[in-house]
Structure formats: C-alpha cells, structure tokens
1. List pairs: first residue in segment 22-34 and within 15 Å of residue 59 (Cβ to Cβ), second residue assigned to a helix (DSSP H, G or I) and of a type in the set (Gly, Ala, Ser) anywhere in the structure, Cβ distance under 8 angstrom, at least six positions apart or on different chains.
2. Of the numbered conditions (1) farther than 26 Å from residue 132 by Cα; (2) surrounded by 14 or more Cβ atoms within 10 Å (Cβ to Cβ), residue 26 satisfies every one except a single condition; which is it?
3. Checking the condition under 17 Å from the mean Cα position of the chain (by Cα), surrounded by fewer than 14 Cβ atoms within 10 Å (Cβ to Cβ) and more than 24 Å from residue 28 (Cα to Cα), which residue from 123, 138 passes?
4. Take segment 36-56 and flag every residue that is surrounded by 14 or more Cβ atoms within 10 Å (Cβ to Cβ) and small (Gly, Ala, Ser).
Amino acid sequence: MSLLGVKRTWSLRFSVLSAGTEPEIDRAFASVAQLTDAALIVAADPFLIAHRDRIVALAARYAIPAIYSIRNFAVAGGLMSYGTDFADSYRQAGIYTGRIIRGEKPADLPVQQSIKFEFVVNLKTAKALGLAMPPALLARADEVIE
C-alpha cells in the first residue's frame, strides 16, 4: 500500500490488486471489502473484460462503487465507466485503412490515438449503493442509465 496526498486536507491509501484467475478476482474483492470507504477502478484488461459479469456482480455483492474503462461494464450494472468511444475508434481505423488502400505508406502516416471518450453513469446502481449523484456530474455524462 502507498499513501498519496491529493490535497493538503486529503490522504488516500491505494492498493494495486491483480487478478489473472477467477479465484484471484474473488480474493481481490474480498480484500477490498475489508476496507472502509473503499472504491475500485477496473483497468481495461482482456481477462477482466472477459469476466465483466462476475466483476460487476461482486462489486454489487460487496457494495463497492467502481468505475470501469469500458461502457459495457456500466451497461451490465456497473456504477460508471469512462473510456474510449469504440465506435469513434473504429471509424478512425476505417479512415486510416482507406488512406493506406489509396496508396499512402503506413510509415508516413501519423500515429493515431483515441480522441473521443465517453462517460456513462448507471443511476440504478448508484441508488442500490445509496449514492446520490451530483447533478453536475450527471450533466457531464454522455449517457445516464436509469
């Protein structure tokens, strides 16, 4: 564990938990559940994405607020997500592919990165966790699931 000073009046303790198997996911959630005022950030990892439903269910079972990097987690019942807008990324990939097909050399093209992100809030999950979402936060969301 490390101590991170965010502001002079705040101190946050954080832990980095890893999971590469289903039992490790269970142990990670059991560990987080032992902490008071805990929250979870779930990284975009192929293994974790493949176990989306299990992770969302464990977050609900232990009443742990979590933010995910892919909107599908919020759609599946996760509290919120913030990450790349994949539809826009695929559109950009199509444009890039078209440039290559028309004869541009890939080595001459600029490196592409995500430029559009989406923020999704699941109000049903917030209510189940007893969280009141500030109107300013909801106003910034690209999608609010009610």
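1. 29/59
2. (2)
3. On the way: 123 fails: surrounded by fewer than 14 Cβ atoms within 10 Å (Cβ to Cβ).
The unique qualifying residue is 138.
4. 38, 39
Each value in this text was obtained by applying a stated rule to the coordinates, not by laboratory testing. Computed from a prediction, not measured in an experiment: that's the story for all the values here. Here Cβ is always computed from backbone atoms with ideal geometry, including for glycine, and neighbour counts include all displayed protein chains.
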